[in-house]
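What follows is one structure encoded as structure tokens, with my remarks underneath.
The values are calculated or read from the model by the stated rules, or taken from the named source; none is laboratory data. Just so you know, these numbers come straight off a predicted model, no measurement behind them. With ideal geometry, Cβ positions are generated from the backbone for all residues, glycine too; neighbour counts draw on all protein chains shown.
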Amino acid sequence: MEFLIGNFAELTITGLVLGSVYALVALGYTLVYGVLQLINFAHSEVFMWGTYAVVWVLTLLGASGTSSLAGAAGYLAIALVAAVLMSGGVALIVERFAYRRLVRQNAPKYIILISAIGASFVLSEIMGLRDKIAGFLGLQGVLGDYVNNPRNTSTLPVEIKPEPVLQIGNYMVRDTELLIIISALIMMFVLDQFIRRTSFGRQIRAVAQDPEAASLMGANSTNVVRLTFLIGGVMAGVAATLYMIKVGATGFNVGFVLGVKAFTAAVLGGIGNLRGALLGGLILGIAENYASGILGSEWRDVTAFVLLVLVLLVRPSGLLGESLGRARA
Amino acid sequence: MSESEDILLELEAVTIKFGGVVALDDVSMTIKKGEILGLIGPNGAGKTTCFNVITGVYAATSGTISLDGKSLAKRKRYQITKLGIARTFQNIRLFPSMSALDNVLVGADVHSKVGLLRALFRTPYFRRVEPENKRRAVELLELVGVGAQPDEISVNLSYGDQRRLEIARALATNPKLICLDEPAAGFNPAEKLRLMDLIRQIRDLGFTVLVVEHDMKLVMGVCDRIVVLEFGRKIAEGTPSEIQKNPAVIAAYLGTEEADDDAA
Amino acid sequence: MNNIISGLRARLAPVADRVGTALEPVGRVLGMKSVKYPLRTVGVLLIYALPILHLPLINTENSDFSGVLFTVGTYVLVALGLNIVIGYAGLLDLGYVGFYAVGAYTVGVVTSEHGQWPFFLALPLALVVTMASGVLLGAPTLRVRGDYLAIVTMGFGEIIRIVARNTDWLGGAGGINSIPSPPDIGPEEGLFQIPHLSWQYGYPTIDDRVTKVLHFGVLDATPYFWMILTTIILVICADMLIKNSRVGRAWEATREDEDVAELMGVPTFKFKLLAFAMGACIGGLAGAMYATRVGFINPPSFPLMLSLLFVAAVVIGGAGNRWGAILGAVIVAYLPERFREFADWRLLVFGIALIVIVSFRTQGLFPGRQKKRVAQAEKEVQKLEEGAEIV
Amino acid sequence: MTLLEIRDLNVNYGHIEAIRGISFSVEEGTITTLIGANGAGKTTTLKTISGLRKVHSGSVFFDGKDITNAKPYERVKMGLTQSPEGRRCFPGMTVMENLEMGALLRKDRRSAAYREDLERVFGLFPRLQERVKQAAGTMSGGEQQMLAMGRALMARPRLVLLDEPSMGLAPKLIRQIFSIVDEIKAQGTTVLLVEQNANQALKRSDVAHVLETGKIVRSGPGEKLAADPAVKAAYLGGDV
């Protein structure tokens, strides 16, 4: 408890940083859920692939050593593009192979969930077996560093050194932390405007609210679903870049825990609601930090689940309710 | 025998609001024991809402509903069924992958106390109740005319058989009141005639029947009394011949001439 | 052993006859016709004999075959329990490993960590504790929507694991070791001994290996396999008795259309809770047996992955059909052991298999006859209604 | 000129034959009405025409082209829109957004023609103009009905399908809705109407068909059917 009070500012800020990443990943869950009422279990792997895109691009560009955030800005911008492309692409692949057929057939939800779980295994195992797969394809020599030790942690070739820029309470906020929080907020704002103002956004909302009526208006629901996965993937790509700036390392199995937390964040805020995802992510990030401050860090991972159960029991529709999709009792 | 002893179900000043919309507005009506009551009105008049509030799907915003003098308020839906109200559905809602017989058995199980242990140890109670329920279920299937294929899963039955199976399932709960929600929807004239016979037969077996239906021939032909709803309100009540002459009903169904003149 | 079988038969036959006459159609689906009894007995005997026959092709070369059979047995038991939850009652539980862990830990705590209870006394306690944990988890969460339930239960599985890791009373991260084997029954050298076979150039010869009956040693897993196989048979009997009763119908009705079931007088919440508790209890049973067999449990023994494997076993086998669930479990547990040389690729292949299986056989590999008919009907409906492209 | 032609249409729901061999056509510039009891197949017919249901056999022609297997959005593009039963407005969207959804496939969102259509809808339904920023879900049933119809007109359709526009509305509103239907026809849009309110609907239809268990049992000019004792009987159950 004393620890919590003594480090309140720090726990809050770092909680917000983590929460920003949760929020961006949560968007993917919320969007797909809003449109299809399905939990995209494979979304966490979409994020994981994004983190690898960041590592690979920086390796490819030959980045190395230690750098300040500003010094690495160019590299990071390219990495961001790569991560967005990678995550977006993987999300589209998931939609195509794990979802489309089953959604068309109107398969039971749990069947589609199983398919998504399968996709999640496939994506993480391909990453975890990439040396063997490369060997199988005879590309081991060419890809070399990119595929070695796939089951170990892969670190960013360039170490980004955070610099303190701003004092809040007794904590010096670092520039990386500020960047992450601000980027997440900007992305949220852009997405929110996109969904609200553009014709594509309107279509997504229309399909979420009433798919049959939407198709009477001429909405092509296959395209809408594809677009929804793509946007979720893009957001996961941004999240992956920010995550790598903060954490600097990734592994083939980082997706799972982060995915569960991001999903929790989405439910917490009200799944199907974009602003809810942001709110839920930030709350979860902070709550985890406080809980580990009070109870010890070994209890950190329980926080998400306990919070999830409590929220579902007290307020099943989440904090902000469901607004992208239909309101349900 | 006093009037009140004849009354099976009583709605008193029932109002239902959804959000700001009033779906039922101060509706009072009674159903007498052993009668066939028709509930009619244009689409959107509140028939289905009325039906749902009687069967416990919705709770009334205000007003009371009582069956045999017992209030239905605050009872769970399965308790209302146990109390003696059963229903069918406008869009057939059978348990699709269960056999016809099992569908009816689910209804018959209402009054059975078989739980885990009785099932596990096949107690004398179990051995008495389960075959008895099954026997009744088979009888009911025969009554409604689906007796020929008790093992067929219900989605594979023909449309008419599915509708009739729903009636058997509802009857299996041994209700005091059976509510039929548009039982003739999608039926051809011959099937309608058979359905009218069936409804009368059900009444003759001692059940009280509430029918919501659009087909006027059926309603006028089979009902003892009719209640007409329009726009959430009760606008008429009486015997079929009274209803047919009632100007308010004619207006609701065919639109008044003067109304047209207004518009023109 | 013959006694057990014939005893079981004696017990089952009148029940089966009654079920058969009372619910003849259902009996037919189960294939419980009396003519099939001799065949079935032979089949069951064969399964009992598997660990001593060491049949070529089936035998696992790189790992102890009876140990593998025991593992397969635990999966089958778990699948039977989970089939009640997912298949009968339609509740997607992604945290089933939690109950498995509760069963194992209960046995660990009372037989080793904090007591010296004999296993057969610890077992009923484990059942009670897991059943209670099922009710405890189910009571608040069964009211949430179906897909949320999946995530909440998944959370439960993780909470159990993390709590075990962080609680010293439960052995903390180190876990609980020296969990005793079940006490031997009969004399030191076993009630009697059964020799094993080995196969040379396709001919069976009697081996010098022997299995002591009802003697639970560390090396020979065969008695454990017999224990779990007997349990499985008992659970299957119970499953049949319950399924063909009001309880089974109530579960099915709830799964098919919860609102209508409620309107037909089924107290759906009560029955869902019952399914949850029963499933938990069987999962706990499997966990307890696992604990006494391996003698050592720790939090990483119960990863979330195991939950997903369990669910996959039930779903790819064909949820709702107990034989399908059993076959699914056998596939999921046995194939990786049989083809150890591909162990690295296991999860990848498994993931691909999941996608392919559910995409092309939404009913699982071995759906029940009823389900097959439903699938057929659905397919026709699909064909007629397709083209609308409604999401 | 024949705008829509249905030839020997059969539609099944699983084992249920919802439509059994229906044929009829809709002439350009007219109001055609389908009446019949619930379950007779009216809504299914409309859904089949707009592509939400697949046909079992038979064909649908629009403007001379076979659209039997066309996707719903392809039909919208050709000028065939629907105001569905139960209104089905997007509850979380504003009135303006709902109208914009109606014009989803139009590329001329900034043109004068688009503004003209918007003006036309607001002219028909002045109430909508007052509430452009209100969320559709919070409006009354009558307003939602107007929105659903206005939305269907925003695609500038050649044929608009109206499914039970008077359902659940007060008599005064019903009259208003029907006079708007006249207005829509007068402005040159062909109307295919499904109604329970038989008298009002028949009065203004050039051609009407009576459906019973998936078949057309009577056809003729609206006025004539309205006077037909059998039709009257079907709605009040007198002796036939």
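Of all residues in segment D:171-184, one or more are more than 28 Å from D:D8 (Cα to Cα), charged (D, E, K, R) and at pLDDT 90 or above.
Tell me which residues, restricted to segment D:190-228, are hydroxyl-bearing (S, T, Y), touching a strand residue (DSSP E or B) at 6+ places or on another chain (Cβ under 6 Å) and either under 10 Å from D:I31 (Cβ atoms) or within 13 Å of another protein chain (Cβ to nearest Cβ) (or both). Give the steps one after another, and end with the answer.
Going through segment D:190-228, the residues hydroxyl-bearing (S, T, Y) turn out to be D:190, D:205, D:213, D:219.
Okay, now just the ones that are also touching a strand residue (DSSP E or B) at 6+ places or on another chain (Cβ under 6 Å), so D:190, D:205, D:219.
Within segment D:190-228, D:T190, D:S205 qualify.
Among C:G284, C:G317, C:G295, C:G328, which is crowded, with 24+ Cβ neighbours inside 10 Å and more than 14 Å from chain A (Cβ to nearest Cβ)? Outline the logic, then answer.
Values: C:G317 fails: more than 14 Å from chain A (Cβ to nearest Cβ); C:G295 fails: crowded, with 24+ Cβ neighbours inside 10 Å; C:G328 fails: more than 14 Å from chain A (Cβ to nearest Cβ).
One residue alone meets the criteria, C:G284.
Among the criteria (1) hydrophobic (A, V, I, L, M, F, W, C); (2) in a loop (DSSP other than H, G, I, E, B); (3) in contact (Cβ under 8 Å) with a residue 40 or more places away in the chain, the one B:V57 does not fulfil is (3).
Out of D:A148, D:A152, report the one residue that is buried (at least 21 other Cβ atoms within 10 Å of the Cβ) and either in contact with a helix residue (DSSP H, G or I) (Cβ under 7 Å, 6 or more places away or on another chain) or not in a helix (DSSP H, G or I) (or both).
Numbers: D:A148 fails: either in contact with a helix residue (DSSP H, G or I) (Cβ under 7 Å, 6 or more places away or on another chain) or not in a helix (DSSP H, G or I) (or both).
Answer to the selection: D:A152.
Beta carbons closer than 9 Å, at least 6 apart along the sequence or on distinct chains, never pair a first residue in segment B:201-224 that is in the same structural domain as B:L143 (by TED's automatic domain parsing) with a second that is at pLDDT 90 or above and not acidic (D, E). Only a single criterion out of (1) in a loop (DSSP other than H, G, I, E, B); (2) facing chain C (nearest Cβ under 8 Å); (3) surrounded by fewer than 21 Cβ atoms within 10 Å (Cβ to Cβ) is not satisfied by B:R75, namely (2).
Taking the condition under 12 Å from the mean Cα position of the chain (by Cα) and either in contact (Cβ under 8 Å) with a residue 40 or more places away in the chain or part of a strand (DSSP E or B) (or both), does B:T81 pass?
Working: under 12 Å from the mean Cα position of the chain (by Cα): yes; either in contact (Cβ under 8 Å) with a residue 40 or more places away in the chain or part of a strand (DSSP E or B) (or both): yes.
Criteria met by B:T81.
Within the group B:K134, B:K176, B:K113, which residue is surrounded by fewer than 21 Cβ atoms within 10 Å (Cβ to Cβ) and away from chain C (no Cβ under 11 Å)? Let's see the steps before the verdict.
Values: B:K134 fails: away from chain C (no Cβ under 11 Å); B:K113 fails: away from chain C (no Cβ under 11 Å).
That would be B:K176, the only listed residue that is surrounded by fewer than 21 Cβ atoms within 10 Å (Cβ to Cβ) and away from chain C (no Cβ under 11 Å).
Selection of first residues in segment C:103-123 that are in the same structural domain as C:G175 (by TED's automatic domain parsing) and aliphatic (A, V, I, L, M) and of second residues that are surrounded by 13 or more Cβ atoms within 10 Å (Cβ to Cβ) and not in a helix (DSSP H, G or I), restricted to Cβ pairs under 8 Å at least 6 apart or on distinct chains, gives the following pairs, ordered by first then second residue: C:A104/C:I297; C:A104/C:F302; C:V107/C:I179; C:V109/C:I176; C:V110/C:W117.
Of the residues that sit in segment A:207-266 and are of a type in the set (D, E, K, R) and in contact (Cβ under 8 Å) with a residue 40 or more places away in the chain, which one is nearest to A:A23 (Cα to Cα)? Write out each step before concluding.
So in segment A:207-266, the residues of a type in the set (D, E, K, R) come out as A:210, A:212, A:226, A:246, A:261.
Now narrow it down to the ones that are in contact (Cβ under 8 Å) with a residue 40 or more places away in the chain: A:210, A:226, A:246, A:261.
On the way: A:D210: 26, A:R226: 21, A:K246: 15, A:K261: 10 Å.
Looking at residues that are of a type in the set (D, E, K, R) and in contact (Cβ under 8 Å) with a residue 40 or more places away in the chain, I get A:K261.
Of all residues in segment A:226-238, those that are surrounded by 22 or more Cβ atoms within 10 Å (Cβ to Cβ), within 14 Å of another protein chain (Cβ to nearest Cβ) and more than 15 Å from A:T198 (Cβ to Cβ) total 1. Filtering segment A:282-292 for residues that are within 14 Å of chain C (Cβ to nearest Cβ), surrounded by fewer than 24 Cβ atoms within 10 Å (Cβ to Cβ) and part of a helix (DSSP H, G or I) leaves a non-empty set.
Of the residues D:A37, D:A70, which is under 19 Å from the mean Cα position of the chain (by Cα) and facing another protein chain (nearest Cβ under 7 Å)?
Exactly one of D:A37, D:A70 is under 19 Å from the mean Cα position of the chain (by Cα) and facing another protein chain (nearest Cβ under 7 Å), namely D:A37.
Of the residues screened, D:E74 is not one that is of a type in the set (D, E) and in contact (Cβ under 8 Å) with a residue 40 or more places away in the chain.
Return the total of residues in segment A:120-140 being away from chain C (no Cβ under 14 Å) and not in a helix (DSSP H, G or I). Qualifying residue count, segment A:120-140: 2.
Residues in segment D:121-129: is at least one closer than 30 Å to B:D215 by Cα and out of contact with any Leu (no Cβ under 6 Å at 6 or more places or on another chain)? Looking through segment D:121-129, none of the residues is closer than 30 Å to B:D215 by Cα and out of contact with any Leu (no Cβ under 6 Å at 6 or more places or on another chain).
Please enumerate the residues belonging to segment C:138-148 that are part of a helix (DSSP H, G or I) and at the interface with chain A (Cβ under 9 Å from one of its Cβ atoms).
In the first step, residues of segment C:138-148 are kept if they are part of a helix (DSSP H, G or I); the result is C:138-141, C:146-148.
Within segment C:138-148, C:P140, C:T141, C:G146, C:D147, C:Y148 qualify.
Only residues that are part of a helix (DSSP H, G or I), within 7 Å of chain C (Cβ to nearest Cβ) and small (G, A, S): list them for segment A:95-119, please.
Within segment A:95-119, A:A98, A:S115, A:G118, A:A119 qualify.
Suppose we filter C:G157, C:G174, C:G190 for residues that are surrounded by 15 or more Cβ atoms within 10 Å (Cβ to Cβ), small (G, A, S) and under 15 Å from C:Y105 (Cβ atoms); which single one remains? Can you show your working first?
Details: C:G174 fails: surrounded by 15 or more Cβ atoms within 10 Å (Cβ to Cβ); C:G190 fails: under 15 Å from C:Y105 (Cβ atoms).
Residue meeting the stated conditions: C:G157.
Within segment D:91-104, the presence of a residue that is more than 7 Å from chain A (Cβ to nearest Cβ) and more than 20 Å from D:F122 (Cα to Cα) is excluded.
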